[in-house]
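Heads up: the structure comes next, in structure tokens.
The values are calculated or read from the model by the stated rules, or taken from the named source; none is laboratory data. What you are looking at is a predicted structure, and each value in this text was computed from that prediction instead of being measured. Please note: Cβ atoms are built from the backbone with ideal geometry, for glycine as well, and neighbour counts cover all protein chains shown. These area figures cover heavy atoms from the full protein model, side chains too; ligands, DNA and RNA do not enter into them. Shrake-Rupley method; radii C 1.70, N 1.55, O 1.52, S 1.80 Å.
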Amino acid sequence: MYLFGIDMNINSLPVAAIGIGIGIDYGYYVLSRIVEELSAGCTFETAIRRMFETTGKTVLFTGVSLTASIIFWVFFPMKFQADMALLLVLLLAFHLAGALIFIPPMVALFRPRFAIRYAEERARILAEQAASDAALAAGR
């Protein structure tokens, strides 16, 4: 914002909040898909690859669609609206890049414990349900 001379004030704050909110969703979708794949028994590398094959494509499509539709607003003759469009385009583009370029390597590098614990807990619950279903089937 500083490089483009856009001040953070009461007028630009709602636009920044929307851009940040949408961008955080990108990261949430990516990370939740990785954790979901881990809970299905995949390794971190396989989970990340499957995330790119499924949710990664969706996040990329959504991010590019939103950015492409807003980028034309940058050329609007009213300076404030053009500045807010530029702010929104930059926020969306950086969050999209962060979600698809930054989060997967960090997950692979740090292997977060919450993801491992969730996967283990989910596997335990599924095993208990399978045992319960088998016991019910055997009792009939």
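Hey, what's the Cα Rg ratio for region 50-134 versus the globular rule of thumb, 2.2 N^0.38 Å? Show your work: numbers first, answer last.
On the way: Rg = 20.3 Å, N = 85, 2.2 N^0.38 = 11.9 Å.
In units of the globular-protein estimate, region 50-134 measures up at 1.70.
Rolling a 1.4 Å sphere over the protein heavy atoms, what is the accessible area per residue of region 12-91, to the nearest Å²?
Values: 4390 Å² over 80 residues.
I get 55 Å² per residue for this part.
At a Förster radius of 41 Å, what calculated FRET efficiency corresponds to the Cβ-Cβ distance of Phe80 and Ser32, to the nearest 0.05? Each step should come with its number before you reach the end.
Details: r = 36 Å, r/R0 = 0.88.
Computed FRET efficiency for Phe80 and Ser32 comes out at 0.70.
Among the complete DSSP H segments of the chain, which ones combine at least 30 Å of alpha-carbon extent along their axis with a mean Kyte-Doolittle hydropathy of 1.0 or more?
On the way: long enough: 13-39 (38 Å, 0.98); 113-139 (39 Å, -0.02).
Qualifying helices: none.
Find the relative contact order for the chain and round it to a whole percent, using C-alpha pairs within less than 8 Å whose residues are 6+ positions apart.
Details: 112 pairs, mean separation 48.7, N = 140.
Computed value for the chain: 35 percent relative contact order.
Using a 1.4 angstrom probe on heavy atoms only, work out the carbon and sulfur share of the accessible area of region 1-136 in %. Present the calculation step by step, with values, prior to reporting the outcome.
Working: 6140 of 8700 Å².
The computed percentage sits at 71.
Considering amide H positions built from the backbone, and no H for Pro or chain starts, which residues 5 or more places from Phe76, or on another chain, come under 5 Å of its amide H?
It is none; the list stays empty.
Could you put Val15, Val30 in order of accessible surface area, largest first, with the 1.4 Å probe and the full protein assembly present? Display every interim value, and only then the final one.
Working: Val15 30, Val30 0 Å².
Greatest to least solvent exposure: Val15, Val30.
Which chymotrypsin sites (Phe, Trp or Tyr not before Pro) from region 1-76 combine a DSSP loop assignment with at most 12 other Cβ atoms within 10 Å? Before the final figure, lay out the partial values.
On the way: sites: Tyr2, Phe4, Tyr26, Tyr28, Tyr29, Phe44, Phe52, Phe61, Phe72, Trp73, Phe75; in loops: Tyr2, Phe4.
Passing both the DSSP loop test and the Cβ count: Tyr2, Phe4.
Tell me the volume per residue, in Å³, of the convex hull enclosing the alpha carbons of region 1-116.
Working: hull volume 11.6 nm³, N = 116.
Given the Cα convex hull of region 1-116, per-residue volume reads 100 Å³.
Using only DSSP helix segments of four residues or longer, with each worth -39500 (n - 2.57), what per-residue ellipticity at 222 nm results for the chain after dividing by its residue count and rounding to 500?
Working: 6 runs with 104 residues, N = 140.
The per-residue figure over the chain is -25000 deg cm²/dmol.
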